[in-house]
Amino acid sequence: MLTYSFLHMFKTMTRFGLVLTVLLAAPIVASAQTDEIQVYTGGLADTGKFNLTLHNNFTPNGQKTAADPGGIVPDKSWNGTAEWAYGVNDWFEAGLYMPLYTLHSKDGAFFNGFKLRALFARPHADDHTFVYGVNFEFSVNAKQWDPRRITSEIRPIIGWHLKPVDLIINPILDTSYTGGVKGLDFAPSVRLAYNLSKTWAVAAEHYADFGQLRGFDAVKDQSHQTFGVLDFSGKGWDVEAGIGFGETAASDKVTLKLIVSHDLN
């Protein structure tokens with residue numbers, strides 16, 4: 001028998017999904033840049049807790065031209081954001097990304113906008129073998145970050161905690177609110193982790209961008225990066241560090257990422 005909590009979560013998720021579906025029906029321009037390189041596992045901030053996560057990504061060897069005229073050149077750029085999160089209850093986390101920024105070796109500093117986030121997931125996901133959820137993001141972009149002022153993301157979360165192995169899949173769909181459903185951009189990410197202990201884990205992560213659902217890009221024009229990652233979790237702190245290597249001509253050749261998360265109360 002479904003509990004009241006599950007029914008309430010399902011109804012809330014459905015409302016968000018219906019709103020976004022209507023908006024989506026109204027082609028995505030995929031950005032070569034990103035402020036967040038992370039696979040969502042379904043973990044949420046504890047109810048009533050505030051959390052701050054700092055995302056930092058540096059591209060020592062990347063694309064030498066911007067994806068769009070007037071955009072940021074990925075090579076030698078440092079992209080990041082401060083992610084503020086609040087655990088509304090045991091299945092809903094609200095978030096704000098601000099500021100989104102870039103520091104570039106030649107072009108200087110940029111403010112790239114902000115994002116709002118609503119994450120719904122199975123309560124206490126780490127305690128279950130099968131986990132699921134969905135994350136909705138609404139972005140307001142500066143022109144150098146994305147030619148579209150308003151973009152959004154729908155990120156389903158499907159995973160298995162098989163002890164000591166974790167497999168998490170995020171089949172992400174991005175939208176710029178043009179082109180209908182076929183204009184959605186498919187940019188999935190996958191994480192395969194081995195838990196060495198309660199505090200340490202190693203993982204392989206893959207981040208891809210296949211292009212629009214109306215017809216995927218040729219392989220050479222797709223973005224594919226594979227990361228080796230080391231995770232630490234303990235005493236209110238979570239740290240994730242990794243190095244990624246591009247596998248196609250359209251991918252940045254080398255990207256470094258560092259994610260530091262801490263509960264504020």
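The values are calculated or read from the model by the stated rules, or taken from the named source; none is laboratory data. What you are looking at is a predicted structure, and each value in this text was computed from that prediction instead of being measured. Please note: Cβ atoms are built from the backbone with ideal geometry, for glycine as well, and neighbour counts cover all protein chains shown.
Could you please tell me which pairs satisfy a Cβ distance under 9 Å, a separation of 6+ or placement on different chains, a first residue in segment 253-265 that is more than 17 Å from G228 (Cα to Cα), and a second residue that is of a type in the set (F, W, Y)?
Close Cβ pairs (under 9 Å, with a partner that is of a type in the set (F, W, Y)) amount to S261/W237; H262/W237; D263/F50; D263/W237; L264/F50; L264/W84; N265/F50.
Going residue by residue through segment 62-73, is there one that turns out to be modelled with pLDDT under 95, at positive phi and of a type outside the set (S, T, N, Q)?
Checked against the condition, which is being modelled with pLDDT under 95, at positive phi and of a type outside the set (S, T, N, Q), segment 62-73 yields at least one hit.
Say we look at segment 183-203 and pick out the residues that are in contact with a Pro (Cβ under 8 Å, 6 or more places away or on another chain) and not in a strand (DSSP E or B); which of these is farthest from K163 (Cα to Cα)?
Looking at residues that are in contact with a Pro (Cβ under 8 Å, 6 or more places away or on another chain) and not in a strand (DSSP E or B), I get G183.
Name the pairs whose Cβ atoms lie under 6 Å apart, with the first residue in segment 81-105 and within 16 Å of V260 (Cα to Cα), the second of a type in the set (F, W, Y) and surrounded by 18 or more Cβ atoms within 10 Å (Cβ to Cβ), and 6 or more positions between them or separate chains?
What qualifies is T81/Y97; E83/Y97.
Might you check whether a residue that is modelled with pLDDT of 95 or more and within 16 Å of T34 (Cβ to Cβ) occurs anywhere in segment 82-94?
Yes, segment 82-94 contains a residue that is modelled with pLDDT of 95 or more and within 16 Å of T34 (Cβ to Cβ).
Answer with yes or no whether K115 is surrounded by 21 or more Cβ atoms within 10 Å (Cβ to Cβ) and at pLDDT 95 or above.
In short, yes.
Cβ-Cβ under 6 Å, sequence separation 6+ or interchain: first residue in segment 183-205 and closer than 12 Å to G242 by Cβ, partner buried (at least 16 other Cβ atoms within 10 Å of the Cβ) and among the acidic types (D, E). Which pairs?
R191/E205; A193/D166; A201/D231
Cβ-Cβ distance below 6 Å, separation of 6 or more or different chains: which pairs start in segment 138-156 with a residue that is farther than 17 Å from Y97 by Cα and end on one that is in a strand (DSSP E or B) and modelled with pLDDT of 95 or more?
Short answer, once both residue conditions are applied: Q144/F110; P156/V134.
Within segment 232-239, is even one residue hydroxyl-bearing (S, T, Y) and touching a Leu at 6+ places or on another chain (Cβ under 9 Å)?
So far as segment 232-239 goes, no, none of its residues is hydroxyl-bearing (S, T, Y) and touching a Leu at 6+ places or on another chain (Cβ under 9 Å).
Of all residues in segment 147-180, how many are at positive phi, surrounded by 14 or more Cβ atoms within 10 Å (Cβ to Cβ) and not aromatic (F, W, Y)?
Number of matching residues: 2.
Being assigned to a strand (DSSP E or B), over 26 Å from D209 (Cα atoms) and in contact with a strand residue (DSSP E or B) (Cβ under 7 Å, 6 or more places away or on another chain) is the filter here, so list the residues in segment 222-246 that pass it.
F232, W237, D238
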